[in-house]
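Scroll down for the structure; my scribbles are underneath it.
The values are calculated or read from the model by the stated rules, or taken from the named source; none is laboratory data. What you see is a predicted model, and the numbers here were worked out from it, not measured in a lab. Counting neighbours? That spans all protein chains shown, and the Cβs are built from the backbone with ideal geometry, glycine included. Just the protein is used for accessible areas: all its heavy atoms, side chains included, with ligands, DNA and RNA removed. Shrake-Rupley method; radii C 1.70, N 1.55, O 1.52, S 1.80 Å.
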Amino acid sequence: MKKFALGILVMLLATGITFAQVDRSKLPASGPAPEIKIGEAETFTLANGLKVFVVKNNKLPRVSFTLVLERDPILEGDKAGLTTFIGDMMMGGTKNRTKDQLDQEIDFIGASLSASATSVSVSSLKKHQGKVLELMADVLFNPVFPQPELDKLKKQSLTGLATTKDDPQAISSRLSRAVLYGKNHPYGESQTEQTTKNITLDDVKAYYQTYFKPNIAYLAIVGDIDKAEAQKVVNQYFGTWKMGVVPTFTYPMPVRAAKQAVALVDRSSSVQSVIDVTQPVAMKIGDADYISSRLLNQILGGGSASRLFMNLREDKGFTYGAYSSIDADKLVGTISASASVRSEVTDSAVYEFVYEIKNLVDKGVTQEELDKAKAELAGSFGRSLEQPGTVANFALNTARYNLPKDYYATYLQKLNAFTVADINATAKRLIEPDKFIITTVGNGAEIKEKLAQFGEVMEYDIMGEPAKQLVADAAMTPEKVLENYLTAVGGADKVAAVQTAKISMDANVMGTPLTIAFVYDSQNGRYGQKLSIAGNVMQKTTLANGKGSMSVQGNSMEMAPAQLAEAQLNSYLFPEAVYKQNGYTLTLDGLKDVDGKPAYKVIISAASGAKLINYYAQDSGLKIKYENPASGDTYYGDYQAKNGVLLPMSWTIKSPQIPVPLEAKVTSLELNVPITDADIN
């Protein structure tokens, strides 16, 4: 220890620094940024145009081969979603192996093999290198594209799309892309049920035959392999791959909004608003503003110490997190700031987003903020170098973006050289604070008028299309909507005659069969609901004698007054017949688009504050949707007559508690039958 202290003293004296000169109240000044010694990738190109990068790393006996296609973005149009199927279809079997055989061979040697529309990659222990290259080449050159596999993928995709229709984050993403780029741009289009159904096996084959060509491909090899061995195996497995002409595409640069505006998707069941303040930016990796934009974004919203996070979360408490991004892309990038906030503070949150962005451009950053951002990005860059694949990615980027050979080796030097003036100039060049589109997904009835202060409010549907201009009957009232409904299902007299009901429904969630049972006893104010899996009751709700209870997997609890009031709103088979007499308040909130069908939105509120929302088709008068912020949405269809009244035989239930929409079908329906306590319980 004494020798260590003496060494420090000698070092200080040798540099002319005495203890009296050391100011311990300040952090030591940063030294010059070091030049990073990044192992260079060795390169070679095959006669067919395949460009290969080899990064030797023999610390572990592993190898990985990643093939990347460098093609232009494709506007898929009425086949949107096609490219999402390509990789899985290639993995669906080859001329030499079925899908199961391929999976088994990969698993047997503990390897990984995957494919996408623009890549094929494999990784394994060094001793299995020959085998995994054989499997990779088989997938790359011999896919058979089985029709059953496409049918399965399309079915899964349709299920996933149904889920995203009710996912605020997915809706926000579609909306932002649509308003930024337009639907006629590859970044702006969205996959739909119809475009998915349009995709054929011939489309998959045509894509593969058109784009999987070596002359637009890069192969990155990382691991326990040198250039000489790489040349041998690459020629062996990829040398006979035939070149081909690959189409190229150009697209106009999206134009920023002439002035600030708001794009809104009305999702009335939302208790939060998803906000994205965004505009396009022309910037790619290697541009003059690229590295300085990383620093700028780090200060604005790049982490938990950024201005947005500290303002909207730490100071205001509007959200769990607020972040920003400035993305670079060969075609077009984006500047974005986003958060999910409580509905009641939506306008306040938007105000803070706008303020922080404008303040950043107008008043700039501080030296302290810049120093901190440099330290954070330098640390992140350093940590990335711990991964051998990083060097390969650097080599790929250098080739793809035509970067200087020392671009990454001198990255920290370039990062450290930026001054406050440089960052402020970057902000003024890249950001136009008065030309952002503020996209918002939330309860339009609560937030639309408040958002008007930020610009014209344009409404869109959940797929990012301009909302249909629906024309409601000027004389329509909530009472008239309910009257039309009762008439549509058979008339008030027929409805009043139905006093009891037993309904059983079957459903399936990801292969698990469910049974849902309802018991209605309107005359005696009783109601029961059970959810069973394989005959075991998982969840139960009971209303009787003015009290309510809920049971989940055998654990029962009595309902609080607010819960009871909400449950009572749902305890009638035809609640429309008793809303008014039970003291509920009705509010008509206009004509809305429900999956392409115009429907009147009626809000039913109890004195306790409990409420539910129903939608009634404008043409038929039938109830087609029930909405509840807590439990989710239910869509009704396939109305059929039973004892003189129409009842929906098909329910689609979308709940936060289940991963995919629940498609339930009525299997048993009995009206005006005796109801016992056992039935209710």
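Tally Lys/Arg at +1 and Asp/Glu at -1 over every other residue whose Cβ is under 13 Å from the Cβ of Ser124; what's the total? Every neighbour counted, the sum reads 0. Listed values for the stretch 263-270 are Karplus-derived 3J(HN,Hα) couplings in whole Hz (6.51 cos²θ - 1.76 cosθ + 1.60, θ = phi - 60°), namely 10, 10, 10, 7, 10, 5, 7, 6, and x replaces Gly and Pro. Global dimensions of the stretch 411-532 from alpha-carbon coordinates: Rg and Dmax equal 28.0, 83 Å.
Can you check what the net charge comes to around Leu470, using other residues whose Cβ is under 13 Å from the Cβ of Leu470 (Lys, Arg +1; Asp, Glu -1)? Each step should come with its number before you reach the end.
Values: positive: Lys468, Lys592, Lys597, Lys601; negative: Asp266, Glu459, Asp461, Asp473, Asp589, Asp593, Asp619.
Once all neighbours under 13 Å are counted, the net charge is -3.
Heavy-atom accessible area, probed at 1.4 angstrom with all protein chains present, ranks Leu135, Leu158 as Leu158, Leu135, highest first.
Would you mind working out the magnitude of the charge dipole of the stretch 99-180 relative to its Cα centre, with +1 at each Lys and Arg C-beta and -1 at each Asp and Glu C-beta, to the nearest 20 Debye? Intermediate values should be presented prior to the final figure.
Details: 10 positive and 10 negative charges, 63 e Å.
In total the dipole reaches around 300 debye.
Of the DSSP beta bridges with both residues in the chain, give the percent that are antiparallel, rounding to the nearest 5.
Working: 123 of 140 bridges.
Roughly 90 percent of the beta bridges in the chain run antiparallel, per DSSP.
Over what distance in Å are the Cα centres of the stretch 72-104 and the stretch 531-545 separated? Centre-to-centre distance over Cα atoms comes out at 43 Å. Ranking Leu451, Leu573, Tyr636 by Cα position along the charge dipole of the chain, where only Lys, Arg, Asp and Glu carry charges on their C-beta atoms, puts Leu451 farthest toward the positive end. Ellipsoid semi-axes for the stretch 432-472, based on the Cα gyration tensor and the rule √(5λ), read 20, 13, 10 Å when sorted largest first. Straight-line reach from Lys405: taking Cα to Cα under 21 Å and skipping same-chain neighbours fewer than 8 places apart, the lysines in range are Lys37, Lys51, Lys56, Lys227, Lys284, Lys330, Lys414. Reducing the stretch 289-331 and the stretch 437-487 to their Cα centroids gives an inter-centroid distance of 32 Å. Given +1 at the Cβ of Lys and Arg, -1 at the Cβ of Asp and Glu and no other charges, the dipole of the stretch 214-316 around its Cα centre is 260 debye to the nearest 20. A dipole drawn for the chain from +1 and -1 charges on Cβ atoms has a positive end, and of Leu671, Leu113, Thr652 the residue lying farthest that way is Leu113. Cα-based radius of gyration for the stretch 32-121, normalised by 2.2 N^0.38 Å, reads 1.48.
The helix-based estimate of mean residue ellipticity at 222 nm for the chain, built from -39,500 (n - 2.57) per DSSP H run of four or more residues and divided by its residue count, is -10000 deg cm²/dmol to the nearest 500. On the basis of the beta-carbon distance and an R0 of 25 Å, Asp315 and Ala288 show a calculated FRET efficiency of 0.15.
When the stretch 409-552 is described by a simple charge dipole with +1 on each Lys and Arg Cβ and -1 on each Asp and Glu Cβ, the residue from Ala496, Val471, Leu412 located farthest towards its positive end is Leu412.
With the cut-off at 47 Å, report for the chain the share of all Cα pairs above it, as a whole percent.
On the way: 80762 of 231540 pairs.
In whole percent, the long-distance tail amounts to 35.
The fraction of Cα-Cα pairs per 5 angstrom bin, counted from 0 for the stretch 248-334, comes to 3, 12, 16, 17, 19, 17, 10, 4, 2, 0 percent, rounded to whole percents. Per-residue accessible area for Ser324 at 1.4 Å probe radius, Å² rounded to 10? About 20 Å², rounded to the nearest 10. With kT/(6 pi eta Rh) evaluated at 25 °C and eta = 0.890 mPa s, and Rh the Kirkwood radius from Cα pairs, the stretch 567-681 diffuses with a coefficient of 157 µm²/s according to Stokes-Einstein. Between helix 99-108 and the chain there is an angle of about 50 degrees, using the helix long axis and the longest principal axis of the Cα atoms.
Using the Stokes-Einstein relation with a Kirkwood hydrodynamic radius computed over Cα pairs, the translational diffusion coefficient of the stretch 118-221 at 4 °C and a viscosity of 1.567 mPa s comes to 77 µm²/s. For the stretch 465-538, the Cα-based Rg and Dmax, in that order, read 18.8, 50 Å. For the chain, the relative contact order is 13 percent, taking Cα pairs closer than 8 Å that sit 6 or more residues apart in sequence and dividing their mean separation by the residue count. The protection proxy used here, the mean number of other Cβ atoms lying within 10 Å of each residue, ranks peptides 551-560, 76-85 as follows, highest first: 76-85, 551-560. For the stretch 105-161, compute Rg over Rh where Rg is the Cα radius of gyration and Rh is the Kirkwood radius from the inverse mean 1/r over Cα pairs. When Rh is taken as the Kirkwood radius, the ratio is 1.07. Separation of the stretch 367-399 from the stretch 139-188 is 32 Å, based on Cα centroids. For the stretch 53-179, the alpha carbon positions stretch 49, 33, 26 Å along the principal axes, listed from largest to smallest.
For the stretch 295-351, what is the charge dipole size about the Cα centre, in debye to the nearest 20, if Lys and Arg each add +1 at the Cβ and Asp and Glu each add -1 at the Cβ? Write out the running numbers ahead of the final one.
Working: 5 positive and 6 negative charges, 15 e Å.
Charge dipole, the stretch 295-351, about its Cα centre: 80 debye, nearest 20.
Each 5 Å bin from zero up to the one holding the largest Cα-Cα distance in the stretch 207-358 carries the following percent of pairs: 2, 7, 12, 13, 12, 11, 9, 8, 8, 7, 6, 4, 1. The length gained on full extension between Asp226 and Thr419, counted as 0.36 nm times the residue separation minus their Cα-Cα distance, comes to 65.3 nm. Over all other residues within a Cβ to Cβ distance under 15 Å of Leu135, the charged ones net out to -1, with Lys and Arg as +1 and Asp and Glu as -1.
Based on the Stokes-Einstein relation at 4 °C and a viscosity of 1.567 mPa s, and on the Kirkwood radius from alpha carbon pairs, the stretch 485-580 is assigned a translational diffusion coefficient of 88 µm²/s. Pairwise alpha-carbon distances in the stretch 349-497 exceed 19 Å for 75% of all pairs. Sequence-ordered 3J(HN,Hα) estimates for the stretch 127-134 from the Karplus curve with 6.51, -1.76 and 1.60 and θ = phi - 60° stand at 5, 9, 4, x, 5, 5, 5, 4 Hz, glycine and proline given as x.
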